[in-house]
Amino acid sequence: MTEWPIDHQQQAQAEGWDIFEASGSQLNENGDRSFQLQACDDGEQFQGDMRDMKAWEHVYAQAHAGSQLHEQALNFLKEHSEPEFEAIISENSPDGRELNDEFPVDADMMGLGQ
């Protein structure tokens, strides 16, 4: 089973977000968005009705600042939940360039290699 690595989960949760398995979500009705980046329910970092989008913005900005964890999060979504990745990029990128070439997937870097 595909899983966002536990050490990544712990680091992400310390920042108030994580990638969750969401196979029962309405957004996964087509079976292609089984993982979703969301703010943690018990976290204080992201508040209000748009807190998941605030978490998206945080991860996107940190990835662009060079944070390996945040780059790995986007790579994981690109590989395993592409519509979620596309939604995050579309919401945060002025031109959507990352949809094609900004975040190359590297299984070893993500801790999913052999």
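The values are calculated or read from the model by the stated rules, or taken from the named source; none is laboratory data. Because the structure is a prediction, the values reported are computed rather than measured. A quick note on method: Cβ atoms are made from the backbone with ideal geometry, for glycine too, and the neighbour counts reach across all protein chains shown.
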### Query
Scanning the stretch 1-37 for residues that are in contact with a strand residue (DSSP E or B) (Cβ under 8 Å, 6 or more places away or on another chain) and over 18 Å from GLU79 (Cβ atoms), which turns out surrounded by the most Cβ atoms within 10 Å (Cβ to Cβ)?
TRP17
#### Entry: Count of residues meeting criterion [closer than 21 Å to SER23 by Cα and touching a His at 6+ places or on another chain (Cβ under 8 Å)] in the stretch 43-71
0
#### Entry: All positions within the stretch 14-42 that are at pLDDT 85 or above and either touching a Leu at 6+ places or on another chain (Cβ under 7 Å) or under 16 Å from TYR60 (Cα atoms) (or both)
GLU15, GLY16, TRP17, ASP18, ILE19, PHE35, GLN36, LEU37, GLN38, ALA39
### Task
Report yes if GLY48 is small (Gly, Ala, Ser), in contact with an Asp or Glu (Cβ under 9 Å, 6 or more places away or on another chain) and modelled with pLDDT under 95, otherwise no.
no
